[in-house]
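Have a look at the structure below before the remarks.
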Amino acid sequence: MNQHLYHKRHSLAHLLAQAVLRSIDPHAWFGTWPAIDDGCYYDIAFSDGITYSESMNKDLTKTIAWLIKENQQFVSYTTTDPDEAHQIVDMMGQPLKHELIKKFAAHGETHYSFWANVASVWWRSRLETTTKPWYTAKVDRWTARWREKNIITDDHIIVFLDLCEWWHVETTKEIAEWSFVMDKVSGAYWQNNANNQMLTRLYLLVFDTKDELKTYQTMMEEAKKRDHRILGPKLGIFTMSDLVGSWLPLFQPNGAIIRQELEKYLWSLHESKGYQRVWTPHLAKEALYECSGHAGHYMDDMFKVKGGSSGEDFYVKPMNCPHHMQIFSATKWSYRDMPVRYFEPATVYRDEKSGQLSGLTRVRALTQDDGHLFCRPSQIQTEVSLIVSIIKSFYQTMGMMDGYKVRLSIRWDDTSKYLWSDDVWNTAESALKSICDNEALPYEIGKDEAAFYGPKLDFMFKDAIGRPRQLSTIQLDFNLPERFDLSYTNEQGEKERPVVIHRAISWSLERFMGVMIEHCAGAFPLWLAPTQVIIVPVANAFLSYAQDVKSMMYEAWLRVTIDDSDDSFAKKIRNAELMKIPYILIVGEKEATDQTVSVRVYKTKEQFVKPVSEYCSQLIHEYHTRAR
């Protein structure tokens with residue numbers, strides 16, 4: 001998001017909390033309050049006897065609008081004295097903020113900033129008539145403290161005070177009228193720790209203008225109709241089972257077909273580019289992750305398996321890269337062999353926290369269309385260009401190239417925290433930037449956003465209703481070759497270290513399937529559709545002709561079925577439409593006589609009659625070209 005919009009969203013989080021104090025609960029405690037992609041939220045502990053419900057949203061929104069009209073200013077005060085910071089928090093009456101100060105100090109923070117909402121003293125009389133006396137007394141204490149420090153003048157008062165490290169708008173005049181609205185209400189553990197108390201999380205939608213807010217709300221209404229968590233089970237694509245485990249999706253026959261088609265297409269894009277398929281086991285010893293460096297900070301997100309007769313403990317793999325390093329290291333490579341390209345659509349497992357999981361887009365079992373390339377630094381530009389061409393081909397087929405964005409993450413000022421030499425980094429970053437320029441990628445640079453092991457490119461694609469989805473990624477890695485002591489022999493007979501390029505085109509099959517269900521609203525193009533054609537005879541007398549049509553299409557490897565149920569003709573058509581089958585072929589006496597089919601197209605609602613052999617050839621062409 002742009003910086004000014006971020007400031008608006010963060011400022012409105014403060015106004016949200018202030019509105020709660022002034023209109024609902026003057027004794028409420030406040031937790032954390034970040035700006036997010038569509039607005040902001042605040043975690044709140046309401047006083048005993050007060051339960052927030054969505055029925056309060058309308059009135060709270062009106063209160064926030066009134067606070068904006070007060071033309072409040074945002075004024076900061078920073079102290080380096082933790083004792084003073086705790087004293088201010090005491091004055092605020094916000095005990096949860098004490099924990100935040102301790103957390104900041106534990107992370108080496110030496111500055112503690114407080115932001116005050118400042119209003120004209122003229123509003124003091126209104127406070128007495130619209131808020132509880134207890135809140136008015138708070139305002140007087142805050143105001144006196146800030147006047148003593150000469151932060152505000154006698155013609156202003158402090159109407160809200162918060163511990164905050166971020167920047168805000170200068171005045172609430174910068175926030176457009178009704179460019180915000182209360183959104184959902186949920187529960188959240190304090191600091192995301194299930195051992196802590198449950199807080200109420202209030203969400204606020206925030207945009208630059210009222211029209212942009214309206215556009216977003218319309219998009220969200222459409223998103224509800226496309227929700228893959230509803231459409232997926234309804235269309236027989238996937239299911240979840242409590243007996244199997246949370247967010248371990250089970251793919252039904254329809255879902256297995258879609259996965260197979262995606263994997264087949266991804267492999268076809270790589271096979272011609274010199275990639276080789278590999279396979280690795282789902283388990284590995286802890287020693288592998290000690291060598292890769294994941295053991296130090298990733299083990300909490302990994303599933304541990306008790307060893308069998310060997311007595312060794314194993315971990316279920318959360319990524320494929322350490323395994324691929326071992327495959328590379330098993331061969332003595334020459335510079336003539338470089339680059340080496342591996343491809344493996346492998347399922348990995350991560351113990352994601354339940355609050356981070358959602359449908360297919362964030363699961364505990366994910367199948368990455370994973371690839372690792374081992375190359376020389378001089379080959380980086382050629383190899384990344386090759387990957388970019390694959391990404392473009394894939395998303396052109398999916399109809400998602402309009403409005404896509406790319407983020408180039410690089411080092412910045414402090415280069416000491418990054419591995420390898422400046423020369424290698426400069427070569428790598430220059431290569432990625434040249435690719436972005438030469439390929440005319442719509443990119444922006446993320447300064448100091450590179451991983452410690454290398455720069456990267458992240459691709460954001462928009463779905464059919466304009467929602468950005470982070471999907472493809474290309475990451476350069478100078479770390480794993482070092483940790484696993486990988487090498488090849490150069491022209492002088494000396495050992496050289498390769499660069500590893502990690503890339504994922506779809507991110508994971510599960511995530512991409514969730515995105516595609518919503519992108520297509522469940523109405524897949526012919527090549528991805530589980531059932532491509534359904535034949536509906538108008539009466540049982542024409543079942544024989546329906547079988548002939550099915551046989552012709554089946555021999556062409558089309559996925560075709562006949563509805564020979566006892567349902568009425570109208571219900572058969574309706575059932576086919578509910579399953580969003582691309583083509584419904586109706587056969588009756590005239591069609592049997594003329595060797596034709598009456599076609600109904602689900603997406604366009606178009607209807608026409610064609611000779612069966614001609615239409616079969618048309619479908620074969622549409623399938624093999626992966627037409628949209």
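What the table below lists for this structure:
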read-out	value
Hydrodynamic radius (Kirkwood) for segment 79-132, which is based on Cα pairs only, to one decimal in Å	13.1 Å
Residues in segment 479-506 that a label on Arg336 would reach, taking backbone N under 16 Å of a point 7 Å out along Cα→Cβ	488-494
Simple spin-label estimate for Thr78 and His624 in nanometres, 7 Å along Cα-Cβ	6.7 nm
Likely footprinting exposure, Lys405, Lys605, Lys103, fewest C-beta neighbours within 10 Å first	Lys605, Lys103, Lys405
Degrees between helix 82-92 axis and first principal axis of the chain (Cα, 0 to 90, nearest 10)	90 degrees
Alpha-carbon Debye profile of segment 3-223, log10 I(q)/I(0) at 0.13, 0.15 Å⁻¹	-0.75, -1.01
Segment 533-624 - share of DSSP beta bridges that are antiparallel (%, nearest 5)	55 percent
Paramagnetic reach from Glu439 in segment 318-349 [backbone N under 19 Å; point 7 Å along Cα→Cβ]	339-344
Length added when fully stretched, Ser272-Glu221, from 0.36 nm per residue minus Cα-Cα	14.2 nm
Exposure proxy order (Cβ contacts within 10 Å, fewest to most) of His107, His98, His621, His519	His107, His621, His98, His519
Positive-end extreme of charge dipole, the chain - chosen from Ala523, Ala176, Ile445 (charges on Cβ)	Ala523
Computed magnitude of the charge dipole of the chain (debye, nearest 20; Cβ of K, R +1, Cβ of D, E -1)	1020 debye
Surface/4 of the Cα convex hull for segment 533-624, nm²	5.4 nm²
Least to most buried among Thr215, Thr143, Thr80, Thr473 (fewest other Cβ within 10 Å first)	Thr80, Thr215, Thr473, Thr143
Segment 239-370 pair-distance distribution - Cα-Cα, 10 Å bins, rounded %	10, 33, 35, 19, 3, 0
Between helix 253-271 and the chain: long-axis angle, C-alpha atoms, 0 to 90°, nearest 10	90 degrees
Debye intensity ratio I(q)/I(0), log10, the chain, q values 0.08, 0.10, 0.12 Å⁻¹ (C-alpha model)	-0.78, -1.08, -1.29
Linear extension gain, Ala65 paired with Glu482, 0.36 nm per residue minus alpha-carbon span	144.5 nm
Helix 612-624 vs. the chain, principal-axis angle (Cα, 0 to 90°, nearest 10)	50 degrees
Calculated log₁₀ intensity ratio I(q)/I(0) where the Debye formula runs over C-alpha points of segment 166-241, q = 0.12, 0.16, 0.22 Å⁻¹	-0.62, -0.90, -1.01
Inter-label distance, nm, simple model (7 Å from Cα along the C-beta direction), Lys571/Lys447	6.7 nm
More than 17 angstrom apart: percent of Cα pairs within segment 447-565	73 percent
Contour excess over end-to-end distance, with Cα ends at Ser55 and Glu109 and 0.36 nm allotted per residue	15.4 nm
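All of the numbers you see were taken from the coordinates with simple rules; none came from a lab. Note that the structure is predicted; figures quoted are calculated from it, not measured. Cβ: placed from backbone, ideal geometry, glycine included. Neighbour counts: every protein chain shown.
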